[in-house]
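Here is the structure we will look at.
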């Protein structure tokens, strides 16, 4: 991990907080595949278009095994990419979504939700909720089993997945089912960047304090940050939620809030699988060319998906 950080330092790319959002999106896209695994070939990779609250939302379907040995269609993981609610896209997370589909056997639907600052909070949340409803109702038409449904995401996408899982519990009657799993990869969960890990890893560990402030300031005003749709730790009730698989990085500003969220879910009676990867930073799961922990984390995600979606 130290060698990866040194390579990133030597590359001398401009920091996100020194760029405009549009420039940062281009920079993130250009660097997305340098450390990530090559894009795995799959049986189906298709564009989708999902009705959203403010227009059509692009999405992408990944399927490795269209039918199992008994001829049944695959279950579905609805996936939300990371990027601080400001950057990231279907392209930056294409390799990750392919790996999840390849290793788990589940179909993955990745959502291109609206980004800030053009679309500030709660636009991304609203898009994710709309996508969940749509997938639950339209999966069969795509040759998928929407009765076996999970949500997941990394970083900001992990926050959105946690929030969507809370919402899914509250609209259980409308969905007609419970979620099988919430896959939370290095999620944010608190209202303010004020934990010990935020101070401990404020500089030099990939996701620094200036970048976090830049992301949050573009996404949501400070006075709104106690809204549970931004800080799921602050939701009033965490009972009866989908089982959680929580993937955390030790050298990550967000690790303390990830641990706190896993502890809270467990304390409220939910099944929680916690995987803490030592010595790695935020976004490590997208560094499969360079560190073995990325491969291990992908396998852990796939195992959790198989256990939840293929009972």
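Laid out as a table, the results:
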| quantity | calculated |
| --- | --- |
| Matching residues, segment 51-68, being outside any loop (DSSP other than H, G, I, E, B), in contact with a helix residue (DSSP H, G or I) (Cβ under 6 Å, 6 or more places away or on another chain) and without any contact (Cβ under 8 Å) to a residue 60 or more places away in the chain | 62 |
| Single match in 245, 301 (criterion: in contact with a strand residue (DSSP E or B) (Cβ under 7 Å, 6 or more places away or on another chain), outside any helix (DSSP H, G or I) and either in contact (Cβ under 8 Å) with a residue 12 or more places away in the chain or surrounded by fewer than 16 Cβ atoms within 10 Å (Cβ to Cβ) (or both)) | 245 |
| Enumeration of residues in segment 248-266 that are touching a residue at least 12 places away in the same chain (Cβ under 8 Å), surrounded by fewer than 18 Cβ atoms within 10 Å (Cβ to Cβ) and more than 17 Å from the chain's Cα centre (by Cα) | 250, 260, 264 |
| Residue in segment 204-227 that is under 17 Å from the mean Cα position of the chain (by Cα) and over 24 Å from residue 33 (Cα atoms) present | yes |
| Qualifying residue in segment 69-88 (condition: assigned to a loop (DSSP other than H, G, I, E, B), surrounded by fewer than 17 Cβ atoms within 10 Å (Cβ to Cβ), touching a strand residue (DSSP E or B) at 6+ places or on another chain (Cβ under 7 Å) and touching a residue at least 12 places away in the same chain (Cβ under 8 Å)) | no |
| Residue 48 being more than 27 Å from residue 251 (Cβ to Cβ), more than 18 Å from the chain's Cα centre (by Cα) and outside any strand (DSSP E or B) | no |
| Count of segment 206-236 residues which are within 25 Å of residue 273 (Cα to Cα) and in contact (Cβ under 8 Å) with a residue 60 or more places away in the chain | 6 |
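Bear in mind these aren't lab numbers, they're just calculated from the coordinates by the rules spelled out. As the structure is a prediction and not an experimental result, all values here were calculated from the model. Cβ sites come from the backbone with ideal geometry, for glycine too, and all protein chains shown count toward neighbours.
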